[in-house]
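The values are calculated or read from the model by the stated rules, or taken from the named source; none is laboratory data. All of these numbers come straight from a predicted model, not from anything done at the bench. A quick note on method: Cβ atoms are made from the backbone with ideal geometry, for glycine too, and the neighbour counts reach across all protein chains shown.
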There are 2 protein chains.
Amino acid sequence: MNNFKLYNPTKIIFGKGTIKDIAAEIPQNARILITYGGGSIKHNGVYDQVRKALADRRIGEFGGIEPNPTYETLMRCVHMIREEQFDYLLAVGGGSVIDGTKFIAAAVTYEGEPWELVQTYGAKIKQSLPFGSVLTLPASGSEMNNGAVITHKGLNAKLPFAHPSLFPRFSVLDPTVTYSLPAKQIANGVVDAFVHVTEQYLTYPVNAKLQDRFAESLLLTLIEEGPKALAEPENYDVRANLMWCATLALNGLLSAGVPQDWATHMIGHEMTALSGLDHARTLAVVLPAVMKIRAGEKKEKILQYAERVWGITDGDEQARIDAAIEKTRAFFESMKVPTRLCDYNLNEAIIPTLVEQLKAHNMIKLGEKRDITPDVAEAILKACL
Amino acid sequence: MNNFKLYNPTKIIFGKGTIKDIAAEIPQNARILITYGGGSIKHNGVYDQVRKALADRRIGEFGGIEPNPTYETLMRCVHMIREEQFDYLLAVGGGSVIDGTKFIAAAVTYEGEPWELVQTYGAKIKQSLPFGSVLTLPASGSEMNNGAVITHKGLNAKLPFAHPSLFPRFSVLDPTVTYSLPAKQIANGVVDAFVHVTEQYLTYPVNAKLQDRFAESLLLTLIEEGPKALAEPENYDVRANLMWCATLALNGLLSAGVPQDWATHMIGHEMTALSGLDHARTLAVVLPAVMKIRAGEKKEKILQYAERVWGITDGDEQARIDAAIEKTRAFFESMKVPTRLCDYNLNEAIIPTLVEQLKAHNMIKLGEKRDITPDVAEAILKACL
């Protein structure tokens, strides 16, 4: 096992009917700004529950934070906060709203140009406004970590950053608020959580038995509950299990003491930037290709995955690896998430551009051993066709 | 899945050579009091590493915190701190030292009689001195939770308490410091962690799939690594896996959203109080008896445990339950921890006294359904013979 540090002070408030509990978490004298996205919270009852819980508080609102939240939108909120002196943020939404709120929280008190905070991956952040979240979409894990990804339209850049001050003070996870989500968003969330796990698991063995088993626990649960979530949208336990999976997939627990990959994400990000394909869909396309092209380097962990997650024990090593890749692909397909570029009307013509983008963004040494060079990335992209 | 709250702000610093990292965690201007136990840290190099890390700091020491730490000993430390104005505590030791330090941290600033803090299970605690820990014995989980158990010799009482201010600010877990532990302490630690897990797992199903699988992950790992830890005391990965198991067994993760039992612990506490038997040894005796007597109430989870942890699938339900109990017993015995009262020269003569103690301490409704009355406890105790 590798050495590690693990720190996560976010308080999770989990279960049906828990949105009311935000009242006790936010200081009485706070000037609260509620941040949200496209307005679905005003139709599904979440907004009303939040307003009811905070009925006697000083509240403002900032809506319109988009998927892949942009610096341009978020800076409007930063100016609003500076003018109106809000001192506590409440993100009500999915990963984009929470990520956006993290940027806002860090930017408000920063004296320089706030994009510098992102450009330096968070290194220049000194402090942040306190904030909590009410999660509406299980997928990104942002509700229980201190990282975020922000897009700068003007610069055509999408960058991650993180800082210890950017853990939500609390996050409310009420599985019933996910009942009304479109099937596509649930499916994307399951794939996103699944690939968060594999990025921290399908690397090389370091004899970290608990981390491996926890990862397998998440994968098995996502495989069991994912299809049920589509078939039975109001099955509480199914939604609860999925919601808890998505949070634990990226809260630091799985990565503690083990190598991490993240090549699938980095290559997927470029696909989204180029084609607008949903984040999770890029992951569903890239992961099987990474497993195929990196089968040699990842052999031991893929074979462990094959056996423990899919029960594959027959055949020689290559046959078991191939079967594990096919099972993975079939699972994503069963969630109605296609796994090949051609399914999205994309073909080999985009590959040179994607490779150039990776180079331009300095993504030239990807993977757990930093040996996925642009040549290897090109081979992976060809396996995505 | 049941509703839950999960909050754990302890920073874990894990791995070989990490004791030096305490320097960065403790504020530069702190007046630090190092608390410890019987002095083993002065022989195994841990004390030297701590002093070296804090070479330029203002430091005091308080040694002699005993196993089952007593109010009487700890109050001497409280008076010392009040006189000498220490403002940061560093517990260097196992669960007893950390538990004792939690009491000290809460008592120092309390204006009333500090035993009231324990008597009220922590309800009267308002604040605590900040403290960190350097763990030397994987077992209790105290290094990453906010609970403690303190004994009052004068009142012949041993009580648990907890408070949100009692999480260690940080805990250093260096597996190499466990190399020199006596085999008996390692074995006790493995049993302690194992039963911490079963208290949160062998109850009744609530469809909390991840919590179940995490519990099974811990049990499987303890079963694999426990005997190896005895056979190969300096196998780093084995000690690392055990240390991480013991911490995660009682840090709030497993109990989030599921019922909890703790009858084995409550009955075991009375055995320790009466006979002086090691805590873990009482657990090894009581758990198989609880499983036997409560096999009906716990049927579904014991069958799940039988299959997923021990691979038992043959036979009817009763046969599988019996096999699971025998496997559990055999595992403890393989750790050189006997599982029957007679192995410790105790017999049925102590049962009436133990039942009376349970009544005297108001332990009359134990278990996940609060239906283990003194009559049921008596049946469990007879199954311990």
Given B:249, B:263, which one is in contact with a Gly (Cβ under 9 Å, 6 or more places away or on another chain), assigned by TED's automatic domain parsing to the domain that holds residue B:373 and under 25 Å from residue B:175 (Cβ atoms)?
B:249
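For the subset of the range B:93-111 comprising residues that are of a type in the set (Ser, Thr, Tyr) and in a helix (DSSP H, G or I), which member is farthest from residue B:31 (Cα to Cα)?
B:96
Would you tally the residues in the range B:331-363 being assigned to a loop (DSSP other than H, G, I, E, B), over 22 Å from the mean Cα position of the chain (by Cα) and either among the charged types (D, E, K, R) or buried (at least 16 other Cβ atoms within 10 Å of the Cβ) (or both)?
To start, the set of residues in the range B:331-363 that are assigned to a loop (DSSP other than H, G, I, E, B) comprises B:335-340, B:345-347, B:361-363.
Applying the additional criterion that residues be over 22 Å from the mean Cα position of the chain (by Cα) yields B:345-347.
Filter once more, so that each one left must be either among the charged types (D, E, K, R) or buried (at least 16 other Cβ atoms within 10 Å of the Cβ) (or both): B:346.
Of the residues in that region, 1 qualify.
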Within the range A:292-303, does at least one residue satisfy the condition of being touching a Pro at 6+ places or on another chain (Cβ under 9 Å) and assigned to a helix (DSSP H, G or I)?
yes
Selected residue [farther than 29 Å from residue B:149 by Cα and at pLDDT 95 or above] from B:299, B:336
B:299
Give, as residue ranges, the strands (runs of 3 or more DSSP E) completely inside the range A:118-167 that count at least 2 residues that are within 19 Å of residue A:265 (Cα to Cα) and touching a Ser or Thr at 6+ places or on another chain (Cβ under 9 Å).
A:147-152, A:157-162
Consider residue B:293 carefully, then state whether it is in contact with a strand residue (DSSP E or B) (Cβ under 9 Å, 6 or more places away or on another chain) and farther than 24 Å from residue B:184 by Cβ.
yes
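Out of the range B:310-327, which residues are out of contact with any Lys or Arg (no Cβ under 8 Å at 6 or more places or on another chain) and of a type outside the set (Gly, Ala, Ser)?
Going through the range B:310-327, the residues out of contact with any Lys or Arg (no Cβ under 8 Å at 6 or more places or on another chain) turn out to be B:311, B:315-316, B:318-320, B:322-324, B:326-327.
Within the range B:310-327, B:316, B:318, B:320, B:322, B:326, B:327 meet the criteria.
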Could you please give the count of residues in the range A:345-380 that are within 23 Å of residue A:259 (Cα to Cα) and touching a residue at least 40 places away in the same chain (Cβ under 8 Å)?
13
If I go through the range B:199-244 residue by residue, how many of them are in contact with a Leu (Cβ under 6 Å, 6 or more places away or on another chain) and more than 10 Å from chain A (Cβ to nearest Cβ)?
2
Which of the residues spanning the range A:154-170 are more than 20 Å from residue A:127 (Cβ to Cβ) and under 17 Å from the mean Cα position of the chain (by Cα)?
A:158, A:159
With the first residue restricted to the range B:229-254 and required to be without any contact (Cβ under 8 Å) to a residue 24 or more places away in the chain, and the second required to be of a type in the set (Val, Ile, Thr), Cβ contacts under 6 Å at 6 or more apart or on different chains are B:241/B:221
What pairs come up if the first residue lies in the range A:113-124 and is of a type in the set (Asp, Glu), the second is buried (at least 16 other Cβ atoms within 10 Å of the Cβ), and their beta carbons are under 7 Å apart, counting only those six or more places apart or on different chains?
A:116/A:124
